[in-house]
Amino acid sequence: MSVAEVRDAYTRRAEEYVSLLGSVADMHELDRELISRWAEHLDGPLLDAGCGPGHWADHLWRLGHEVEGADLVPAFVARAEERFPEVPFRVASFDDLGVPDAGLAGILAWYSLIHLEPERVPSALDEFARCIAPGGSMLLGFFDGVSVEPFPHKVVTAYLWPPSEMVERVEAAGFTVEEVHTRTDPGSRPLAAIVARRTGAEPASPTG
């Protein structure tokens, strides 16, 4: 699945996606709580990597965080800029997020790596690690499965990951996994999320 194929597939359905999934109010309460709690103690710039129509970046901004959204799909970026003018958005890929080394306190990657072929996930995680300062944090959301395998996502082919295997990739990229969450909602595929701290001597945030 090439970058262009993913970008084009989402471009064709951008307005439909914004209408159905472009509001934090439409997201699960547990997702809102997890993302809010993850960011609560982070002190410094955050990036919503694969921000889609921008709702999570706006949520973090409303909580008082310095945040920017980045997405592969120009149509998403344009709509995010229209809907949430207080938040900066730009086009970027996981190969190059356009962030200085160690320039971030945290990255939210909420179901944004799901379309990457498994062999490409480590390079994306390496890019996240490059961008996050030692002690900073990443929150990664993905679809849970018994094995790494593709499935027919409504927009374009995506991949299931056993949490244990994703943990291995995250740790190999230079993170310490702190939390692993799994959940199955009625009528939905099993979900998973990982909170991981960028390896380093000092935390990028207060511990409370």
When the residues of region 162-177 are narrowed to those that are of a type outside the set (A, V, I, L, M) and without any contact (Cβ under 8 Å) to a residue 40 or more places away in the chain, which ends up farthest from GLY200 (Cα to Cα)? PRO162
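Within region 1-10, take every residue that is surrounded by fewer than 16 Cβ atoms within 10 Å (Cβ to Cβ) and either aliphatic (A, V, I, L, M) or touching a helix residue (DSSP H, G or I) at 6+ places or on another chain (Cβ under 8 Å) (or both) and give me the one that is modelled with the lowest pLDDT. Lay out the reasoning, then the answer.
To start, the set of residues in region 1-10 that are surrounded by fewer than 16 Cβ atoms within 10 Å (Cβ to Cβ) comprises 1-5, 8.
Within this subset, residues satisfying the condition of being either aliphatic (A, V, I, L, M) or touching a helix residue (DSSP H, G or I) at 6+ places or on another chain (Cβ under 8 Å) (or both) are 1, 3-4.
Working: MET1: 61, VAL3: 75, ALA4: 72.
Looking at the filtered set, the residue picked out is MET1.
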Considering residues that are without any contact (Cβ under 8 Å) to a residue 40 or more places away in the chain and assigned to a loop (DSSP other than H, G, I, E, B), the number found within region 127-153 is 5
In region 159-177, what residues are of a type outside the set (S, T, N, Q) and part of a helix (DSSP H, G or I)? PRO163, GLU165, MET166, VAL167, GLU168, ARG169, VAL170, GLU171, ALA172
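Give GLU82, GLU86 a once-over and let me know the one that is touching a residue at least 24 places away in the same chain (Cβ under 8 Å) and charged (D, E, K, R). First the steps, then the outcome.
Numbers: GLU82 fails: touching a residue at least 24 places away in the same chain (Cβ under 8 Å).
Just one listed residue meets the conditions, GLU86.
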When you scan region 14-125 for strands (runs of 3 or more DSSP E) that lie fully inside it, which ones turn up with 2 or more residues that are open to solvent by 50 Å² or more (accessible area, probe 1.4 Å), under 30 Å from PRO150 (Cβ atoms) and touching a Phe, Trp or Tyr at 6+ places or on another chain (Cβ under 6 Å)? none
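The values are calculated or read from the model by the stated rules, or taken from the named source; none is laboratory data. None of the values given here were measured: they were computed from a predicted structure. When we count neighbours, we look across all protein chains shown, and the Cβ atoms used for this are built from the backbone with ideal geometry, even at glycine. When the accessible area is computed, the model is the full protein with side chains, heavy atoms only, and any ligands, DNA or RNA have been set aside. Shrake-Rupley method; radii C 1.70, N 1.55, O 1.52, S 1.80 Å.
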